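Here is the structure we will look at.
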């Protein structure tokens, strides 16, 4: 496995913030990010609409394996150099139920959390006008 494709909500501030964080981490495998509702997502994963990608993250490996929800987050951590050990812990039978509950809680409240934390999605950041503001000091 050399690449993981993450299908995420580009309009969600929390999802986009996590995407930026994941992108900045040293990784064992290449991470590719595609908005779940894009034509590219439907081309890469034709069944994406039936998987309710608007509710939970989906991760697809270049070998065709698919994970959703807590399993997808475990795979994201598995891909990262500094967090692989955490992925192994969360994948253990004792932790799987807790990981599922935490991921479900965050996923089902992600838009509210984005609003409370004032996080902007990639789409909102992309739509901002490209104007430069200068600040001049006057005496």
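The values are calculated or read from the model by the stated rules, or taken from the named source; none is laboratory data. Everything numeric here is computed off the predicted structure, so don't read it as measured data. Heads up, the Cβs are rebuilt from the backbone with ideal geometry, glycines too, and the neighbour counts pull from every protein chain shown.
Worth pointing out:
- Per-region count, the range 29-46, residues within 18 Å of residue 75 (Cβ to Cβ) and either surrounded by 13 or more Cβ atoms within 10 Å (Cβ to Cβ) or without any contact (Cβ under 8 Å) to a residue 24 or more places away in the chain (or both): 9
- Unmet criterion (only one of (1) surrounded by 14 or more Cβ atoms within 10 Å (Cβ to Cβ); (2) without any contact (Cβ under 8 Å) to a residue 12 or more places away in the chain) for residue 99: (2)
- Residue 54 vs. criteria at pLDDT below 95, surrounded by fewer than 19 Cβ atoms within 10 Å (Cβ to Cβ) and over 15 Å from the mean Cα position of the chain (by Cα): no
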